[in-house]
Amino acid sequence: MTQWLERQAAVRDRRGLVRRPLPRAADERFIDLASNDYLGLTADPRVAEAAAAAASVWGAGATSSRLVAGTTRLHLDLEQELAALAGMEAALVFSSGYLANIGVITALGGPGTLIVADEHCHASMIDGFRLSRSRTESFTHNSVEDAGRLLADRQEPRALIAVESLYSVLGDEAPLAALLALAEDHDAVLLIDEAHSLGVTGTGTFQGRGAVAGTFLAGHPNVVVTATLSKALGSQGGAVLGSALLREHLLNRARSFIFDTGLAPASAAAALAAVRIIRDEPWRAESVRSNAAALAAGLAPALAARGAAVEQTAADRSAVEQTAGAVQSIAMPSAASALAAAEAARTAGVRIGCFRPPSVPDGISRLRLTARATLTRADIDDSCAVLRGILEELL
């Protein structure tokens, strides 16, 4: 085993795929374009104080699984208000978004369920597919036609179409309306991961409530939503949202809920405070998107000049434009160049995401920039100046 581990380490090093956690200081001065704290709620005093108060009352942890003694009134209030925010009938909170995806997929899957999944689905969904023991087929990214082709020959009595409303690497949107029509035609469930959409997208009075809320998808019997509490909500945890009947099924069948210690009360309280802020302060979502537009405009000269450095697919070209959410994706020629760009930006005081295989679904190493509601105009101008210089040198 030791020799095999040494060979694996050597391969990673040769391919530029070594990953190491970089600790950050509480008072660091970086411009943050890497985290998923889209609304800036992690450090919001109302969210932090809610967490501290809950820890003072309930202690540091949930003490057991939710079905034993790990459920508090905070958990139930969070589930009720989260469901209302997203326009769904009911919600069930898990200890992480990863576990929420695994829980719902394994509880709905099995040998009698065909899973048809977008090829860019998150790793948590992919692991759920594998654990479910369902026959799983991938369709071309955002191709409703290809998904329909896979469903047409189905032999299984049940089917699940799995997508993300906003994809975490490219930042592009799924064609949800067309996918729901496909699900209705084939008596399938449409599973929508709202991890990068909840708190960021939505229109009118549903600003910040995600891609499903306020549309005909909300509360639809063929629609199931998963979400995380650790991105726009600034806390920790995950949730599955759907019908009350689905919630009851998950309570009894989702192993990642039944056999896991419940979400810490402090995290539940923080997420509950964040849900209320998102509901009451929709301007935060608009700030994310306006800052994303400013980042895209500020980087346009460097991105336009990259020319033949990266073979541009349609997905690459769309990444030059403002995306629907917070994520701006920049394709890089190699894993080494992506890592070098991220290191150079960090040295200059700008933290950005660096995605290399196997984290990227299309196999292209990328820089990922995430706009946040709390970025100032000076933050955006300074970071764009730094990144333009780096990209012009590397590309």
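Highest average first, the peptides 179-191, 375-387 ordered by how many other beta carbon atoms sit within 10 Å of their residues are 179-191, 375-387.
Listed values for region 77-82 are Karplus-derived 3J(HN,Hα) couplings in whole Hz (6.51 cos²θ - 1.76 cosθ + 1.60, θ = phi - 60°), namely 5, 4, 4, 5, 6, 5, and x replaces Gly and Pro. Starting from the Kirkwood radius over alpha-carbon pairs of region 25-76, derive D by Stokes-Einstein at 10 °C in a medium of 1.306 mPa s and give it in µm² s⁻¹. Answer, rounded: 117 µm²/s. In region 67-179, what percentage of the DSSP-assigned beta bridges are antiparallel, given to the nearest 5? Antiparallel bridges: around 10 percent, rounded to the nearest 5. Return the tail of the calculated pair distribution for region 341-381, meaning the percent of Cα-Cα pairs more than 11 Å apart. Summing the P(r) of region 341-381 above 11 Å gives 69 percent of all pairs. Computed over all pairs of different Cα atoms, the Kirkwood value for the hydrodynamic radius of the chain is 21.7 Å. Using a probe radius of 1.4 angstrom, the carbon and sulfur fraction of the accessible surface of the chain is 53%. The relative contact order of region 124-272 comes to 15 percent, based on Cα pairs under 8 Å that sit 6 or more residues apart. Extents of region 120-234, taken as max minus min of Cα coordinates on every principal axis and listed largest first, are 41, 27, 23 Å.
Residues whose amide H falls under 5 Å from that of Glu119, counting only those 5 or more places apart or on a different chain, are Phe139, His141, Asn142, with hydrogens built in the peptide plane. Accessible area per residue for region 106-260 is 39 Å², calculated with a 1.4 Å probe on protein heavy atoms, without ligands, DNA or RNA. Judged by the mean number of other Cβ atoms found within 10 Å, the most tightly packed of the peptides 234-240, 135-141, 169-175 leads the ranking 234-240, 169-175, 135-141. Over region 134-173, the alpha carbon radius of gyration divided by the compact-protein estimate 2.2 N^0.38 Å works out to 1.29. Measuring nothing but how far apart in sequence close Cα pairs (under 8 Å, 6+ apart) lie, relative to its length, the chain scores a relative contact order of 23 percent. Here is how the number arises for the chain: DSSP H runs of 4 or more residues each give -39500 (n - 2.57), the sum is divided by the residue count, and the result at 222 nm is -13500 deg cm²/dmol. Amide H to amide H distances under 5 Å link Gln236 with Ala271, where only residues 5 or more positions off or on other chains count and H is placed in the peptide plane.
Charged neighbours of Ile192, selected by a Cβ distance under 14 Å, balance to -4 (K, R count +1; D, E count -1).
When both bridge partners sit in the chain, DSSP labels roughly 45% of those beta bridges antiparallel. Counted over region 43-175 with a bin width of 5 Å, the fraction of Cα pairs per bin, in whole percents, is 2, 9, 14, 16, 17, 14, 11, 8, 6, 3, 1, 0. Couplings 3J(HN,Hα) of region 52-63, computed from phi: 5, 5, 5, 5, 5, 7, 9, x, 6, x, 7, 6 Hz, in residue order, whole Hz [Karplus 6.51 cos²θ - 1.76 cosθ + 1.60, θ = phi - 60°; x for Gly and Pro]. Rounded to whole numbers, the Karplus 3J(HN,Hα) couplings from phi for region 214-230 are x, 10, 6, 6, 5, x, 5, x, 8, 10, 10, 10, 10, 8, 10, 9, 9 Hz, using 6.51 cos²θ - 1.76 cosθ + 1.60 with θ = phi - 60°, and x at Gly and Pro.
The values are calculated or read from the model by the stated rules, or taken from the named source; none is laboratory data. A quick note: this is a predicted structure, and the numbers were derived from the prediction, not measured. Cβ atoms come from the backbone with ideal geometry, glycine included; neighbour counts cover every protein chain shown. Surface accessibility is based on the protein's heavy atoms, side chains included, excluding ligands, DNA and RNA. Shrake-Rupley method; radii C 1.70, N 1.55, O 1.52, S 1.80 Å.
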